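Novice: Got a structure for you, questions after.
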Amino acid sequence: MMMSENGRKKFILVAEDERPMERLLVEAFNAQGVGTEVARDGEEALDLALKTKPDLILLDIVMPKMDGLTMLKKLREDAWGKKVPVILLTNFGDTEKIVEATKSGAYGYLLKSSWDVEDVVAKVKDAL
């Protein structure tokens with residue numbers, strides 16, 4: 001089980017609107033002893049992040065209500081939100097969006113088509 005500095009179990013926010021992907025990620029992290037919260041749109045992700053202050057955010061770029069890049073920019077306006085690691089999940093090979101995300105302070109990104117769940121778990125463990 002991974003623990004935070006304050007002694008609580010580490011947990012991440014999974015902001016993903018595709019149910020099968022969300023379930024796969026939640027199951028993988030729970031199996032590693034990492035707790036999860038789930039948001040299915042950008043507005044919910046921002047609200048949950050600021051309320052629950054996860055150790056890391058896995059953030060899909062394409063989501064309803066507010067896209068991931070907008071959510072990331074708004075998150076970075078908050079004092080706590082400036083520091084939390086964010087890993088973007090994207091279907092895009094779109095370098096412009098990736099550059100924009102990096103400028104907004106994303107820890108990294110993963111293209112959904114080119115990784116398996118073990119890769120995601122490993123990248124999150126590195127960031128935590």
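The values are calculated or read from the model by the stated rules, or taken from the named source; none is laboratory data. The model shown is predicted, which means the values in this text are computed figures rather than measured ones. Heads up, the Cβs are rebuilt from the backbone with ideal geometry, glycines too, and the neighbour counts pull from every protein chain shown. Quick note on the areas: whole protein, heavy atoms, side chains included, nothing else; ligands and nucleic acids left out. Shrake-Rupley method; radii C 1.70, N 1.55, O 1.52, S 1.80 Å.
Novice: In debye, nearest 20, what is the charge dipole magnitude of the chain about its Cα centre with +1 on Lys and Arg Cβ and -1 on Asp and Glu Cβ, if you could check? Kindly include the intermediate steps, with their values, before the conclusion.
Specialist: Numbers: 19 positive and 23 negative charges, 98 e Å.
The dipole of the chain has a size of about 480 debye.
Novice: Something else about it: Give me the 1.4 Å probe accessible area per residue for the stretch 1-85, excluding ligands and nucleic acids, in Å².
Specialist: Each residue of the stretch 1-85 exposes 49 Å² on average to a 1.4 Å probe.
Novice: If you rank 118, 22, 37 by how much accessible surface each has, with a 1.4 Å probe, what is the order from largest down?
Specialist: These residues rank, largest area first, as 118, 37, 22.
Novice: May I ask which residue of 111, 64, 39 lies farthest towards the positive end of the charge dipole of the chain, with charges of +1 (Lys, Arg) and -1 (Asp, Glu) on Cβ and the Cα centre as origin?
Specialist: Working it through, the farthest residue towards the positive pole turns out to be 39.
Novice: Ok, one more. Rounded to the nearest 5, what is the percent of antiparallel bridges among the DSSP beta bridges in the chain?
Specialist: 5
Novice: Would you kindly state how much longer the chain becomes between residue 117 and residue 65 on full extension, computed as 0.36 nm times their sequence separation minus their alpha carbon distance, in nm to one decimal?
Specialist: Working: separation 52, 0.36 × 52 = 18.72 nm, distance 2.61 nm.
Additional length available on full extension: 16.1 nm.
Novice: Something else: Ignoring ligands, DNA and RNA, what percent of the 1.4 Å accessible area of the stretch 1-82 is carbon and sulfur?
Specialist: The computed percentage sits at 51.
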